[in-house]
Protein chains: 2
Amino acid sequence: MTDVKKPRRRPRSDGQRNREHLLAVAKAAFTMGEVDIALDDVARRAGVGIGTLYRHFPSRDALIEAVYRVELDRLAEAAPVLAAQHPPVEALRAWMRLFVDYIAAKQVIAPALNGLVSGTGALYAQSGDILKAAANDLVSTAVAAGDLRDDIEPLDLLRALAGVSNFAAGPGWESSAKRLVDILIAGSRTSVS
Amino acid sequence: MTDVKKPRRRPRSDGQRNREHLLAVAKAAFTMGEVDIALDDVARRAGVGIGTLYRHFPSRDALIEAVYRVELDRLAEAAPVLAAQHPPVEALRAWMRLFVDYIAAKQVIAPALNGLVSGTGALYAQSGDILKAAANDLVSTAVAAGDLRDDIEPLDLLRALAGVSNFAAGPGWESSAKRLVDILIAGSRTSVS
DNA sequence: ATATATACGGAGGAGTACTCCGTTTAACAA
DNA sequence: TTGTTAAACGGAGTACTCCTCCGTATATAT
């Protein structure tokens, strides 16, 4: 039990302001197509030096994770709400559709999902765990109710979804994404002839 | 119909040799983990100048596509064979499992699938079309036989599969990938209570 | 006012993708 | 064989990116 670091001073206001500016700029850029924006640009647009950016976010991945953290957490929080409103399987379906909606609304989830799901490493690890836990709850509830096969891996459903999320291009992609959700749900049910 | 360009000379042997060396080196590198290998390195290992590499493959993506072309084509060619050997639905299942096997054998499909499936643009466009056509045949045969719902989008199944392919890490990933194939098939069947 | 922990800025090191163009060479004809 | 020429080569150079380092500035606390 090492003791928690006791902050001897209140955090500096300019530091927090800059951090928020950076996040806002980065999110705006990512939301537009500019996923590959140079970090120098992010710093310039936020009105800070590049050194400041790197102090707040020690790597590009750290910045990306910070940007998406809010969105991913919101998605995770929706799970218990849906679970309370719907029967188990429908709650899961609704939650998976929420993914699709988020992507449709340019809520910038897709790249985060990819990072989360691909083996890139510790990146997104924390948000990822929350998300996985949410999926786990929904699935195990449905399994316990006897509606879903008991060999369903929640993470696999997420992975499959990430595959579709990968590209939000082409007309009708949204409806085809929702169709896939139905396929996944149907295929996960207990009663399959 | 513009006339086909009549080559006034036979292609130079050194050119073809170098092209093959480059492909071999790149494939070897990609097959190991070195996806981010510098193109300078590829050129050096192949014993050619960087200029030569860029003449043969005008961009990094062009090189990657060329490397995976062979594998993707082989996968596409397996489709009619499987269709001849199995009833429709089982042919589709077998083909989807083939994806998993390829990935498991470090056959380097996963990144190609991602590129194919993500909206990166024309990259992989050609190989992608072949693959899509193969999937289309398998699915529409099964649909015609009345075994699969008629609203199944072959490409969506591929996308979902790509999601799992994304990471071939963690113990037991292979079996969970095959389980997902079963889920997708089950969910695509006509008779769902 | 003074002290000091905290944060800032941006030049610069290191590395990569890709271009340009003078040089070399394989193919072919005489 | 030898000359001609289209095709291919090589690698220095350009442009750009990520990230580090460290001297300077400033918010907080006394």
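Averaged over peptide B:148-160, how many Cβ atoms belonging to another chain are found within 10 Å of each residue's Cβ?
5
Can you give me the convex hull volume of the Cα atoms of the range B:11-58, divided per residue and expressed in Å³?
For the range B:11-58, the hull spanned by Cα atoms encloses 63 Å³ per residue.
Which order do peptides A:152-159, A:25-32 fall in by mean Cβ count within 10 Å, highest first?
Going from most to least packed, we get A:152-159, A:25-32.
Nm distances between the label at residue B:81 and the same-position labels in the remaining copies, 7 Å along Cα→Cβ, shortest first?
The projected label point of residue B:81 is separated from its counterparts by 5.2 nm.
Given a 1.4 Å probe and no ligands, DNA or RNA in the count, how much accessible surface is buried by A and B, both sides, to the nearest 100 Å²?
Roughly 2300 Å² of accessible surface disappears when A and B pair.
Measuring from a point 7 Å out along Cα→Cβ, what nm distances, shortest first, does residue A:41 have to its partners in the other copies?
2.7
Say the dipole of the range B:11-58 comes from +1 at the beta carbon of Lys and Arg and -1 at that of Asp and Glu; which of B:38, B:28, B:54 then lies farthest toward its positive end?
B:54
What are the nm distances, shortest first, from residue A:14 to its equivalents in the other copies, labels at 7 Å along Cα→Cβ?
6.1
The values are calculated or read from the model by the stated rules, or taken from the named source; none is laboratory data. All figures in this text were calculated on a predicted structure; none of them were measured in a lab. All Cβ positions, even for glycine, are placed from backbone atoms using ideal geometry, and neighbour counts span all protein chains on display. In case anyone asks, the SASA skips ligands and DNA or RNA and just uses the protein heavy atoms, side chains included. Shrake-Rupley method; radii C 1.70, N 1.55, O 1.52, S 1.80 Å.
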